[in-house]
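Notes to accompany the following structure.
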Amino acid sequence: MNAVEWYFVLAALLFCIGAYGVLARRNLIIVVMSLELMLNAVNLALVAVANFVPAAAGRGTLFVLFVITIAAAEVTVGLAIVIANYRNRRTVQADEYHEMKG
Amino acid sequence: MKLIVALIPLLPFAGFVITLLLGKWVLGKRADVIPVLMATASWVLSMYVFVRVVADPEYVFDWNAFTWISSGALETTWGFYIDPLAAIMLLVVGTIGMVVHYYSIGYMKGDEGYYRFFAYLNLFMFAMFVLVMANNYLLMFLAWEGVGLCSYLLIGFWFRKKSASQAGKKAFLVNRVGDFGFMLGMLLMFLTFGSLQFTEVFADVGAAGPAALLGICLLLFTGAVGKSAQFPLHVWLPDAMEGPTPVSALIHAATMVNAGVYMVARSYPLYIDSHSAMYVVMGVGTFTAIYAALIALTQNDIKRVIAYSTVSSLGFMFMALGSGAWVAGVFYLLTHGFFKGLLFLGSGSVIHAMSGQQDMRFMGGLRRKLPVTYWTMMIGALAMVGIFPFAGFWAKDEIIGFEFTHHLYYIWVVGLITAFITGIYMFRLMFMTFHGENRSSPEVQAHIHESRPIMTVPLIILAIPAALAGVLAGWPPESGWIHRFLHPVFFDIESEPFGIVAFILLLVSLVIGAAGIAAAWYLYLQRPELPGRLAARFPRAYGASLNKFYMDEIYEAAVIRPVIGFAGWLWTFVDTRVIDGAVNGLAWLWGRFGRLLRPLQTGRAQSYALGILVGVVVLIVIFRIVEG
Amino acid sequence: MPGGDFHPVYFSIVAAWILVAGVGVVASRSVVRAAVSMVLCFLGVAFAFALMNSALLAIVQILIYVGAISVVIIFGIMLTETPAGPRHQFFNRQSVIAAPIVVATAVLVAVILVSGDLLTAGETAVNPGLRQLSSLLFNRYVLPFELVSLVLLAAMIGAIVLARREDRQ
């Protein structure tokens, strides 16, 4: 197996760890953190490709830069929402937000 | 000629449109001018055509004005067909139509629907003219429906009166039954002959199978049974008396009801090749003749007596046509139109004088105050009973005699009995109305007066042909002018010479008719208490006759109740439970389905995220399989 | 490859580091411990980037992820109160179902990524210089660049608006 394939496996594992965190944790902050893990996994995969595929070198790096930037924006807004909700409901437990039930 | 033929129906149609649109606001009380003018003009044109055909009876005018339907194999036109038969019909329709228009000016004066009445009258004239001049069955049927429509409109003319509007409905519905038969007949005709044009169908008669021909003739006859009020579809005609008397005179005596007779006469080439059909026609006609006469015997409403008399006379016409006396039947149609129309108009004059009273038990002694009405109606009555030398004698007694000479002895006897009864009821009417002492209240009596000239002149005008038409057209019997005139139409009929046998037969029917008059004289003038005692002696016979042999009750029980019951069942079961059940059930089903799926909506974002993940995994797997 | 023949060794260390830290984020009961694990994970990823000849990205990773995003998240932790205690549930009801599904996903994705023939070239590590990167950024990809700055602006404003205290009387 190529070196790059190892990096892919790593990325996949990290992605799924993060996915589990998003799906299974009750604390919203931890959910956001797990989301960041998933994004990092994706970045890993991208950089792996950029590194080992000459044709994609510059663009791969750029793509990762953009992902990082957008991830930053997303965390900001996401946490702002969580805090705003917290002000109203005094809770950051994800399954206590179920007004749309049914 | 084409222009004239086209104008005959078009002028009244224009009159209808104009009067209907403008009548209420613009024309008001003078709404009668245009329709009457149109009727007169059409009469003039009809007379022109009649004279033209008289001059050359072999002349046949067959003109297709324009193509109406051209669809696959069916090609029908708006076309006109003028021959001696059509000419005679034009004479009857045009003359009586015009006379009734003038009469109506007087009779309908002050009515709030004045303009409507004349508009409908003109519409009727249009439809009737098209009917008698049509050159194919489909156009004739269109006009057939048109006159049916006008009949409905005019019977229910005083629509605020419940009984009138119901009578109109009854007329239309019963007619519809007959019309259905007519339509089936046309369908069969088209299947057999490939066309509905007279000339094409009649040329091809030999090629049709006897079963098909029988079917066509019987089905067409069903239409005639409806339109001409024969048993069992006669029930609408007495109720049609709810309409104004001019309507009864025009439509239900002289023209529309004759449409059935005309249709059978026109289909002569079809019927002579189907003896079974002719027997049916004859049977129905004969039965209806005596049946209606028996009912007329006990009716107390003056218009009902004349109505049942019309049914009986129409039965006579079908009896004639069915037994082969084609010319005599048409001859009777011609004369009957005049004297029956006269009788109706006269009764209208009587009703007018009696301030709306129609029950003869409250009349009496009117001959002194209403002389013109009396004498003209007397002529009509004598013609009706078949007394020499009035018109009815020649036609009716010729029919009766024909039955004998053609070995239809039972029919002959029934015809004589009917003639006898006709004499009784007709003169019962005359005696109860005009003779004796007046039996109404003093206020009504004070009001009795002869009608204005606008109404009496038409009576006189009609009395003339009622008196003379027989002599002029029918002498000598069996080989008179009318027989020669109609020979090109009824080409297989031989004119028979007038021999001693025929003379004796005529005498016999004359005597029978006179005997009927004598019986009426005895019963109603000499011994007026006798009819009451007879009725008491035979209560069931009297009741049967008075109640029209319970025909309406039979229909109610046999037809109307089951249909209403069926409709009710359809409502409570099919509509409520099946259809509503299905629709509601469907809604319930979707509700259940929704409730089933509701747990999926947890409201928690994480469960949705899980769903997304699962979906993505599934998609990946599918794509791998598809590509691999 | 950086590290030459020892590359696989370095890779194993970094991979273990990342994965352990990741599990630490997802599995710890305390939010603060999770945050610390996260930071460590980010560091590990930065090392991984460095291992793949991308020093630039490693630095950017540290600057932004460790430097900014982690701070934001810690702010969030400070501003909210997370309950704890003996009977408190840390994992939700679907955690049991989610586990096998996630595992299956991991296996699936790994298998697919590995079995594809993505690479045509060998293992030559190519490293675009900063000059080359910036020329790409400002010439060919200037539009995404501008759009991203818009997104950042919008995110800033949105976050401020969202997190504002509502004190109107």
Approximate spin-label separation C:GLU81-B:LEU530, in nm, with each point projected 7 Å along Cα-to-Cβ: 12.3
Using the Kirkwood formula over every pair of different C-alpha atoms, what hydrodynamic radius in Å results for region B:10-104? 15.3
Sticking to Cα atoms, compute the Rg of chain A to one decimal and its Dmax as the biggest Cα-Cα distance, whole number, in Å. 17.0, 53
Which helices of chain B meet both criteria: a Cα extent of 30 Å or more along the helical axis and a mean Kyte-Doolittle score no lower than -1.0, with helices taken as whole DSSP H segments? B:33-55, B:84-107, B:162-193, B:275-296, B:302-323, B:326-353, B:409-434, B:453-474, B:500-521, B:605-627
Assigning unit charges at the beta carbon (Lys, Arg +1; Asp, Glu -1) and nothing else, what dipole magnitude in debye, to the nearest 20, does chain C show about its Cα centre? 540
Using every alpha carbon pair in region B:295-402, what percent of pairs falls into each 10 Å bin from 0 up to the bin containing the largest distance? 15, 43, 29, 11, 1
Estimate the FRET efficiency between B:PHE593 and B:PHE66 by the formula 1/(1 + (r/R0)^6), using the beta-carbon distance for r and 41 Å for R0, to the nearest 0.05. 0.10
Which whole number gives the average count of other chain Cβ atoms within 10 Å of the Cβ atoms across peptide C:27-39? 3
Size of chain B along its principal axes in angstrom, Cα-based, largest extent first? 113, 63, 55
Ordering of B:188-197, B:456-465 by burial proxy (mean other Cβ atoms within 10 Å per residue, highest first): B:456-465, B:188-197
Geometric extent, Cα atoms of chain C - Rg, Dmax (angstrom): 20.8, 69
What ranking of B:ILE295, A:ILE30 emerges when the number of other C-beta atoms within 10 Å of each C-beta is taken as an exposure proxy, fewest first? B:ILE295, A:ILE30
What percent do you get for the relative contact order of chain B when only Cα pairs under 8 Å and 6+ apart count? 12
Tell me which residues come under 5 Å, amide H to amide H, from B:GLU75 once H is placed; ignore anything under 5 positions away on its chain. B:LEU196
Using a Förster distance of 35 Å, the FRET efficiency for B:GLU553-B:ARG439 (Cβ separation, nearest 0.05): 0.70
Could you work out how far apart the two model spin labels at C:ARG164 and A:GLU99 are, taking each label as a point 7 Å from the Cα in the direction of the beta carbon, and quote it in nm? 2.0
Expected unfolding gain across B:VAL501-B:LEU7 under the 0.36 nm per residue rule, minus the alpha-carbon gap, is 173.2 nm
Contour minus Cα-Cα span, B:ARG52 to B:LEU468, at 0.36 nm per residue, comes to 147.6 nm
What's the long-distance tail for region C:129-169, i.e. % of Cα pairs beyond 14 Å? 63
Could you give the angle, 0 to 90 degrees to the nearest 10, between helix A:28-52's Cα long axis and the longest principal axis of the Cα atoms of chain A? 10
Projected-area mean, region C:1-82, by convex hull of Cα positions, square nanometres: 5.2
With angles folded into 0 to 90 degrees, how steeply does helix A:57-89 sit against the dominant principal axis of chain A? Use alpha carbons for both and round to 10. 10
D (µm²/s, integer) via Stokes-Einstein for region B:164-312, Kirkwood Rh across alpha-carbon pairs, 4 °C, 1.567 mPa s: value 81
Write out the trypsin sites (Lys or Arg not before Pro) in region C:8-108 meeting two conditions: DSSP loop, and at most 13 other Cβ atoms within 10 Å of their Cβ. C:ARG29, C:ARG87
Counting just the Cα atoms, what span does the protein assembly as shown cover along each of its three principal axes? Round to the nearest Å and put the largest first. 149, 64, 52
Can you tell me how much longer the chain between B:ILE560 and B:ALA446 gets when fully stretched, taken as 0.36 nm per residue apart minus their C-alpha distance, in nm with one decimal? 36.5 nm
Hypothetical label at C:ALA55: residues of region A:59-78 whose amide nitrogen lies under 20 Å (7 Å Cα-Cβ projection): A:59-62, A:64-65
Set the Förster radius R0 to 22 Å, insert the Cβ-Cβ distance between B:HIS275 and B:ALA203 as r into 1/(1 + (r/R0)^6), and round the FRET efficiency to 0.05. 0.60
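Taken together, the values in this text are just the output of simple stated rules run on the coordinates, not laboratory data. Quick caveat: nothing in here was measured; it's all calculated off a predicted structure. When we count neighbours, we look across all protein chains shown, and the Cβ atoms used for this are built from the backbone with ideal geometry, even at glycine.
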